[in-house]
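Reviewing the structure listed below.
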Amino acid sequence: MEMKGAPALHGYRMPAEWEPHSQCWMGWPERPDNWRDNGVHAQKVFAKVATAISKFEPVTVCASAAQWENARSQLPENIRVIEMSMNDSWFRDTGPTIVVSDSTVTTDAPVPKFAGIDWNFNSWGGVDDGCYQDWSLDLLVAWKILAIERLPRFPQSLILEGGSIHVDGEGTCLTTEECLLNKNRNPHLSKEQIEDELKAYLGIRKVIWLPRGLYGDDDTNGHIDNMCCFAKPGVVLLSWTDDETDPQYEHSVEAFSVVSNTTDAKGRKLEIIKLHVPGPLYMTDEEAAGVIQVGEAKPRLAGTRLAASYVNFYIANGGIITPQFGDKKWDDEAIRVLSKVFPNHEVVGIEGAREIVLAGGNIHCITQQQPAIPTAIA
Ligand code: KQY
């Protein structure tokens, strides 16, 4: 069912990621011009991520017709594997943003409890600046998921990826100017007009704009989900480095200053918890050589600084699924910080997450939660 008007007009809001989920959606990586060695290493890590999440909530993995059998054989039985075409497997960005109506009003025409926003997508920047040239299949992913779940769909012409927004579920959205105001997304819209769209579609009242995302996050033009996220209302986790010679330092200090000088939609000062980045990490010659560079995707060059961040974790029902990069000091520190910030969640580190960052994202970028009705009112 296609919905008219904006979600907020119908009483919908985007829930925070820590609110209950009915399931998690993921794609399956295969394109050889982005995933090295025909995706074999990445597939193992996607399977680890899906398996880890499935201990906390149901998981559906979507794989192309060519990959369905391979995906099925690598994933445990409790994970549903369905066939879906896609150009790549970043469901945070191509999947729907599912919104919830908190309305308890019973009328002759009740509003469905859940609906999905189907954002426009241009491969993170269009033909001149994006990651690949044909995103026609990605454009249908959100619609297909909503159809499978029989959820009403709000089409949105705004170009926006799910990884470029984080919400606290209480009226505040975090994003970056580097991405949302980039001329390669919605050049015809002003900052105020983009804010108005976010308010109308996410049911929020305040947008906190960080100037830039993570240093080196060039694929996405600085998605917020590598840089800063809410841990609970009034508390954010911020990608950090203490190394003043690292270009990341300037990005982090600048973001720290913005966040500490603002309040959220409820007027609260925000507590900032620093989450130190790993590395710095760089793509090796061997890793770059494993990517078929003759496709239509952005080249992957040896020596490129990887956009690696522990902020790119997924919050499942009772679990935190976080990347581990093989940098023992900062891997351990990330687990320690996240365990302290989420005392009621089990923190699960995924070894080998480097395979995902080689292609430009991480665990948050490859997952998409589907909200559930809280058990207390279900
Ligand atoms: O960070 C994300 N949300 C997605 C990264 C996509 C990179 C495509 N090469």
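What residue, among those in segment 314-338 that are in a loop (DSSP other than H, G, I, E, B) and touching a strand residue (DSSP E or B) at 6+ places or on another chain (Cβ under 8 Å), is farthest from VAL59 (Cα to Cα)? Give the steps one after another, and end with the answer.
Within segment 314-338, the first condition is being in a loop (DSSP other than H, G, I, E, B), and the residues that meet it are 317-318, 324-327.
Add one more test, that the residue is touching a strand residue (DSSP E or B) at 6+ places or on another chain (Cβ under 8 Å), and what stays is 317-318, 324.
Numbers: ASN317: 12, GLY318: 14, GLN324: 21 Å.
Of everything passing the filter in segment 314-338, GLN324 is farthest from VAL59 (Cα to Cα).
For every residue, the table says whether it meets (1) outside any loop (DSSP other than H, G, I, E, B); (2) touching a residue at least 12 places away in the same chain (Cβ under 8 Å); (3) within 16 Å of the ligand (Cβ to nearest atom); (4) at positive phi.
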| site | (1), (2), (3), (4) |
| --- | --- |
| LEU140 | yes, yes, no, no |
| GLU170 | no, yes, no, no |
| ASN186 | no, yes, no, no |
| TYR201 | yes, yes, no, no |
| ILE208 | yes, yes, no, no |
| ASN221 | no, yes, yes, yes |
Task: Odd one out for LEU146 among (1) surrounded by 19 or more Cβ atoms within 10 Å (Cβ to Cβ); (2) on the phi > 0 side of the Ramachandran plot - done: (2)
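In contact with a strand residue (DSSP E or B) (Cβ under 9 Å, 6 or more places away or on another chain), among the β-branched types (Val, Ile, Thr) and assigned to a strand (DSSP E or B): does that describe VAL311? Walk me through it before giving the result.
Working: in contact with a strand residue (DSSP E or B) (Cβ under 9 Å, 6 or more places away or on another chain): yes; among the β-branched types (Val, Ile, Thr): yes; assigned to a strand (DSSP E or B): no.
When the stated conditions are applied, VAL311 does not pass them.
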TODO: Pick out the one residue from LYS191, LYS269, LYS183, LYS206 that is closer than 25 Å to PRO343 by Cα, over 19 Å from the mean Cα position of the chain (by Cα) and among the charged types (D, E, K, R).
DONE: LYS269
- [ ] Specify which of the listed residues (SER101, SER136, SER89, SER157) is surrounded by 22 or more Cβ atoms within 10 Å (Cβ to Cβ) and out of contact with any Ser or Thr (no Cβ under 8 Å at 6 or more places or on another chain).
- [x] SER89
- [ ] Select, from VAL347, VAL337, VAL311, VAL341, the only residue that is touching a Leu at 6+ places or on another chain (Cβ under 7 Å), at pLDDT 95 or above, surrounded by 23 or more Cβ atoms within 10 Å (Cβ to Cβ) and not small (Gly, Ala, Ser).
- [x] VAL311
Open item on the list: Any residue at all in segment 147-162 that's under 17 Å from GLY27 (Cα atoms), assigned to a loop (DSSP other than H, G, I, E, B) and away from the ligand (no atom under 16 Å from the Cβ)?
Closed with: yes
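Criterion first (closer than 24 Å to ALA316 by Cα and within 13 Å of the ligand (Cβ to nearest atom)) does PHE56 satisfy it?
Values: closer than 24 Å to ALA316 by Cα: yes; within 13 Å of the ligand (Cβ to nearest atom): no.
Here the answer is no, as PHE56 does not meet what is asked.
Filter segment 177-202 for residues that are among the hydroxyl-bearing types (Ser, Thr, Tyr) and closer than 16 Å to TRP119 by Cβ and give the result. Give the steps one after another, and end with the answer.
So the first thing to find is which residues in segment 177-202 are among the hydroxyl-bearing types (Ser, Thr, Tyr), and the list is 190, 201.
Matches in segment 177-202: TYR201 only.
How many residues, within segment 329-359, are closer than 22 Å to GLU17 by Cα and within 16 Å of the ligand (Cβ to nearest atom)? Step through it out loud before you land on a result.
Keep residues of segment 329-359 that are closer than 22 Å to GLU17 by Cα, which gives 334-350, 353, 356-357.
Retained after the next criterion (residues that are within 16 Å of the ligand (Cβ to nearest atom)): 350, 353, 356-357.
The number of residues fulfilling the criteria is 4.
Regarding segment 79-99, can at least one residue be identified that is of a type in the set (A, V, I, L, M, F, W, C), without any contact (Cβ under 8 Å) to a residue 12 or more places away in the chain, farther than 15 Å from THR367 by Cα and away from the ligand (no atom under 16 Å from the Cβ)?
The first filter runs over segment 79-99 and keeps only residues of a type in the set (A, V, I, L, M, F, W, C), leaving 79, 81-82, 84, 86, 90-91, 98-99.
Checking which are without any contact (Cβ under 8 Å) to a residue 12 or more places away in the chain leaves us with none.
For segment 79-99, residues of a type in the set (A, V, I, L, M, F, W, C), without any contact (Cβ under 8 Å) to a residue 12 or more places away in the chain, farther than 15 Å from THR367 by Cα and away from the ligand (no atom under 16 Å from the Cβ): absent.
Could you list, in sequence order, all residues of segment 172-184 that are in a loop (DSSP other than H, G, I, E, B) and surrounded by fewer than 19 Cβ atoms within 10 Å (Cβ to Cβ)?
From segment 172-184, those in a loop (DSSP other than H, G, I, E, B) are 181-184; that's our starting set.
Listed by number, the residues that qualify are LEU181, LYS183, ASN184.
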Task: Residue match in segment 6-16 (condition: within 20 Å of the chain's Cα centre (by Cα), surrounded by 22 or more Cβ atoms within 10 Å (Cβ to Cβ) and over 20 Å from TRP119 (Cβ atoms)) - done: no
Task: helices (runs of 4 or more DSSP H) contained in segment 1-97 and holding at least 3 residues of a type in the set (A, V, I, L, M, F, W, C) - done: 40-54
Open item on the list: Condition first: away from the ligand (no atom under 15 Å from the Cβ), closer than 23 Å to SER64 by Cα and in a loop (DSSP other than H, G, I, E, B). Now tell me which residues in segment 105-138 satisfy that.
Closed with: SER136
Open item on the list: Can you tell me which residue is modelled with the lowest pLDDT among those in segment 272-303 that are more than 22 Å from the chain's Cα centre (by Cα) and of a type in the set (Val, Ile, Thr)?
Closed with: VAL294
Open item on the list: Please count how many residues of segment 280-302 are out of contact with any Leu (no Cβ under 7 Å at 6 or more places or on another chain), farther than 15 Å from ARG36 by Cα and either within 16 Å of the ligand (Cβ to nearest atom) or among the small types (Gly, Ala, Ser) (or both).
Closed with: 0
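Could you please find all residues in segment 247-267 being part of a helix (DSSP H, G or I) and among the hydrophobic types (A, V, I, L, M, F, W, C)? Don't jump to the end; show me each part of the working.
Taking segment 247-267 and keeping what is part of a helix (DSSP H, G or I), we get 247-260.
The answer is VAL253, ALA255, PHE256, VAL258, VAL259.
The values are calculated or read from the model by the stated rules, or taken from the named source; none is laboratory data. Quick caveat, the model's predicted, so the values are computed rather than measured. Positions of Cβ are backbone-derived with ideal geometry, glycine not excepted, and every protein chain shown enters the neighbour counts.
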